[in-house]
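Novice: Here it is, the structure, as structure tokens.
Here, each number is a calculation from the coordinates, and none is a lab measurement. This is a predicted model, so every value here is computed, not measured. Every residue, glycine as well, gets a Cβ built from its backbone with ideal geometry; the counts of neighbours run over all protein chains shown.
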Amino acid sequence: MRKVIGSAILLTWVIAYIGVAGVVGDRVASEHWLIQLIFFPVAGLAWILPVRPLLRWMHAADAPADRPDV
């Protein structure tokens with residue numbers, strides 16, 4: 001169930017990030033080339049930073065049960 005919830009959150013995050021980065025990138029596209037040189041690589045890689053904890057949570061092992069196996 002953790003992977004299903006995490007996948008939904010990840011998909012929502014990526015769609016929202018693409019929308020915001022696209023709008024900001026459209027405005028930056030008319031700016032000086034040096035600003036573009038800084039913005040586009042940063043925007044292209046920045047989405048992964050908030051995703052790393054989510055991916056760790058999705059792939060974490062479940063805690064062992066407190067009851068003994070019979």
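Novice: Return the ratio Rg/(2.2 N^0.38 Å) for the chain, where Rg is computed over Cα atoms only.
Specialist: Numbers: Rg = 18.8 Å, N = 70, 2.2 N^0.38 = 11.1 Å.
The reported ratio for this selection is 1.70.
Novice: Only Lys, Arg, Asp and Glu count, each charged at its Cβ (+1, +1, -1, -1), so figure out the dipole size of the chain about its Cα centre, rounded to 20 debye. It would help to have the intermediate numbers written out before the result.
Specialist: Details: 6 positive and 5 negative charges, 11 e Å.
It works out to roughly 60 debye.
Novice: Something else about it: Using a simple spin-label model with points 7 Å from Cα along the Cα→Cβ vector, what separation in nm is obtained for Ile35 and Ala63?
Specialist: Label at Ile35, label at Ala63, 5.0 nm between them.
Novice: Something else: So what are the ³J(HN,Hα) numbers for the range 24-33, from phi and the Karplus equation (6.51, -1.76, 1.60; θ = phi - 60°), rounded to whole Hz, Gly and Pro as x?
Specialist: So the J values, rounded to whole Hz, are 5, x, 5, 6, 6, 4, 9, 8, 4, 4.
Novice: Additional query: How far, in nm, would the chain grow between Ile9 and Val51 when pulled straight, counting 0.36 nm per residue and subtracting the alpha carbon separation? Write down the numbers at each step before the final one.
Specialist: Numbers: separation 42, 0.36 × 42 = 15.12 nm, distance 0.94 nm.
Length gained between Ile9 and Val51: 14.2 nm.
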